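Q: The structure is given below, and queries will be raised subsequently.
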């Protein structure tokens, strides 16, 4: 007569205790379930970003975000992030027709990146300028 085991539950999981392999005698003890697991080799653990003011300007296709980690641009689905240590300077102005915010990041190696966000209604542009100036001044008081 053979012994029947209950069918396995949904998904994968550890083997039932009677089938779990025994650890080798020299193996370290497994960490407790609540302990943090170190990241895989070659990856730094994520560092929490301190809370602080942020700026966000968005239109249908583009976005500019300025926060404690740096400046991020999104343009037509593509995004690029700049951390504060790699930014030489950040510049901004209204577009020549006064309908958009133009933000530029100058990288420490001299490269120049720009993102343009349309302001609808146009009065929103006048709201963005003091907000952006204040947030940039918070993170980059020297410019």
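Q: I need to check one value: relative contact order of segment 55-139, counting alpha carbon pairs closer than 8 Å and at least 6 residues apart, in percent.
A: Taking the mean separation of contacting Cα pairs over the length of segment 55-139, I get 26 percent.
Q: Please list log₁₀ I(q)/I(0) at q = 0.23, 0.24 Å⁻¹ for segment 55-139, using the Debye equation with identical point scatterers on the alpha-carbon positions.
A: For segment 55-139 at q = 0.23, 0.24 Å⁻¹, log10 I(q)/I(0) is -1.16, -1.25.
Q: Quickly work out the residue 120-to-residue 88 label distance, labels modelled 7 Å from Cα along the C-beta direction, and quote it in nm with one decimal.
A: Going from the residue 88 label point to the residue 120 one covers 3.6 nm.
Rule-based calculations on the coordinates, nothing more; no lab input. Because the structure is a prediction, the values reported are computed rather than measured. Cβ sites come from the backbone with ideal geometry, for glycine too, and all protein chains shown count toward neighbours.
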